[in-house]
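Everything below concerns the one structure shown next.
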Amino acid sequence: KLLDTTKDSNIKNVLETEGVRAKLVSECKNDALCYQSKLNDSNWRIREKAAYELGRMQAQNSVKDLLITIKDQNTKTRYAAIWALGKLNSKEGIDQIEKQLKQEEDSAQFVRVNEDLKRLLVGMKRM
């Protein structure tokens, strides 16, 4: 309703682009399987929010899907998946993460987010 009554185009744009996260929470509520299915959505904001929610819910059954999401081309989505995996305290995926870091070691696009991935890896190995 707010979107329909807003006349300011800047506010309208923010509501349209950022509102998808609120819609996702409204749709999935506390359903981890719903959030897992959204990790494949075409909108990066939805993938990002889904990853954060899976971590917040400590959805252990989502580890495999999050390990796929850490390869996302969007760095914000990738970071959310890394954060969620850190919350899940799982050792699953150590080999996969090491392989991914090796493949992307010369990639300027993922330098910063892969530092977070390296920290996750260290934490996983300490468990």
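A few comments on the model shown:
- Sequence-separation-based contact order of region 1-125, relative, with Cα cut under 8 Å and 6+ spacing, percent: 18
- Rounded accessible area of Met57 (nearest 10 Å², 1.4 Å probe): 50
- In nm, spacing of pseudo-spin labels at Val25 and Lys125 (7 Å Cα→C-beta vector): 3.7
- A helix-only calculation puts the chain at -22000 deg cm²/dmol for mean residue ellipticity at 222 nm, using -39500 (n - 2.57) for each DSSP H run of at least four residues, averaged over all residues.
- With every protein chain in place, region 76-127: carbon and sulfur % of accessible area (1.4 Å): 48
- Between Ile82, Ile97, Ile70, the GNM of the chain built on Cα springs shorter than 10 angstrom shows Ile97 fluctuating the most.
- Per residue, the chain exposes 62 Å² of accessible surface when a 1.4 Å probe is rolled over the protein heavy atoms with every protein chain present.
- Taking 7 Å steps out from each Cα toward its Cβ at Cys34 and Val14 produces label points 2.7 nm apart.
- Environment charge of Glu18, counting only residues whose C-beta is closer than 12 Å and scoring Lys/Arg +1, Asp/Glu -1: +3
- Principal-axis tilt of helix 111-126 within the chain, Cα atoms, nearest 10 degrees: 50
- Relative protection proxy for 85-95, 59-69, 10-20, from highest mean packing down: 59-69, 85-95, 10-20 (other beta-carbon atoms within 10 angstrom).
- Its convex hull of Cα atoms gives region 56-127 a direction-averaged projected area, equal to a quarter of the hull surface, of 4.3 nm².
- Reduced Cα scattering model of the chain, Debye log10 I(q)/I(0), q = 0.10, 0.14, 0.16, 0.19 Å⁻¹: -0.35, -0.63, -0.77, -0.98
- Degrees, to the nearest 10: 94-103 long Cα axis against longest axis of the chain: 80
- Label reach from Ala108 (point 7 Å along Cα→C-beta): in region 75-94, amide nitrogens under 20 Å belong to 75-76.
- Folded to 0 to 90 degrees: helix 75-88 orientation relative to the chain principal axis, Cα: 60
The values are calculated or read from the model by the stated rules, or taken from the named source; none is laboratory data. Computed from a predicted structure; not experimentally measured. Glycine also receives a Cβ, built like all others from the backbone with ideal geometry; neighbour counts cover every protein chain displayed. To get the accessible areas, we keep the full protein, side chains included, count just its heavy atoms, and leave off ligands, DNA and RNA. Shrake-Rupley method; radii C 1.70, N 1.55, O 1.52, S 1.80 Å.
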